[in-house]
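Asker: A single structure is presented below for examination.
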Amino acid sequence: MMQQGAEQMKQDALSVGLVRVRARFLDELHGRFDRIDELRLQFGNDRCDHAALREIGEIAHKIAGTAATLGFPKLGESATVIDDLVHENGEEAATNDPRLLGLIDSLCATMQEILSQHEANPSSALSKGRSRFR
């Protein structure tokens, strides 16, 4: 019986820890969204700025590594596609990929959707971060 109680306490602690990590991820997602949106403006209609793409790839890599684990599989998938495109093919090849701008726009749309849902439910246990997405 004591072993079951100890196991439940471990599970509860893990759940609380996961909620905190998820809340932090959502809070950081605000800044990441803002930064990708800002970097996206540095692209022309047909060309891409290499430094901006490198930074977008780094941000996508960070998102791809944790999003699915924290309950955002669509976001993780979108970020992984960009991460793979930039890091596996190189910036030069990625800038020539006709899908690039659409993929970045799709990632931003997914981020915006998640942030809007998060803002719509401020009483959630995951709403510990500041509310600044508009």
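The values are calculated or read from the model by the stated rules, or taken from the named source; none is laboratory data. None of the values given here were measured: they were computed from a predicted structure. Using ideal geometry, Cβ is built from the backbone for each residue, glycine included, and neighbour counts are taken over all protein chains shown.
Asker: I'd like the full set of residues that are part of a helix (DSSP H, G or I), among the charged types (D, E, K, R) and either touching a Pro at 6+ places or on another chain (Cβ under 7 Å) or over 16 Å from HIS30 (Cα atoms) (or both), limited to the stretch 90-121. It would help to see each step written out before you state the result.
Answerer: Going through the stretch 90-121, the residues part of a helix (DSSP H, G or I) turn out to be 90-95, 100-120.
Narrowing further to those that are among the charged types (D, E, K, R): 91-92, 105, 113, 119.
Within the stretch 90-121, GLU91, GLU92 qualify.
Asker: Return the residues of the stretch 41-62 that are in contact with an Asp or Glu (Cβ under 8 Å, 6 or more places away or on another chain) and crowded, with 18+ Cβ neighbours inside 10 Å; say none if nothing qualifies. First the steps, then the outcome.
Answerer: First pass over the stretch 41-62, keeping only residues in contact with an Asp or Glu (Cβ under 8 Å, 6 or more places away or on another chain): 42-43, 50, 53-54, 57, 60-61.
Within the stretch 41-62, LEU53, GLY57, ALA60 qualify.
Asker: Name the single residue that is farthest from GLY71 (Cα to Cα) among those in the stretch 94-134 being among the aliphatic types (A, V, I, L, M) and at pLDDT below 75.
Answerer: The extreme case among them is ALA125.
This table checks each residue for (1) over 16 Å from the mean Cα position of the chain (by Cα); (2) closer than 14 Å to CYS108 by Cα; (3) not hydroxyl-bearing (Ser, Thr, Tyr).
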site: ARG24; (1), (2), (3): no, no, yes
site: GLU38; (1), (2), (3): no, yes, yes
site: GLN42; (1), (2), (3): yes, no, yes
site: ASP49; (1), (2), (3): yes, no, yes
site: ALA60; (1), (2), (3): no, yes, yes
site: GLY76; (1), (2), (3): no, yes, yes
site: ILE82; (1), (2), (3): no, yes, yes
site: GLU91; (1), (2), (3): yes, no, yes
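Asker: I've got another one for you. Can you tell me which of (1) assigned to a helix (DSSP H, G or I); (2) under 16 Å from the mean Cα position of the chain (by Cα); (3) surrounded by fewer than 18 Cβ atoms within 10 Å (Cβ to Cβ) is the one GLY71 doesn't meet?
Answerer: Result: GLY71 passes all but (1).
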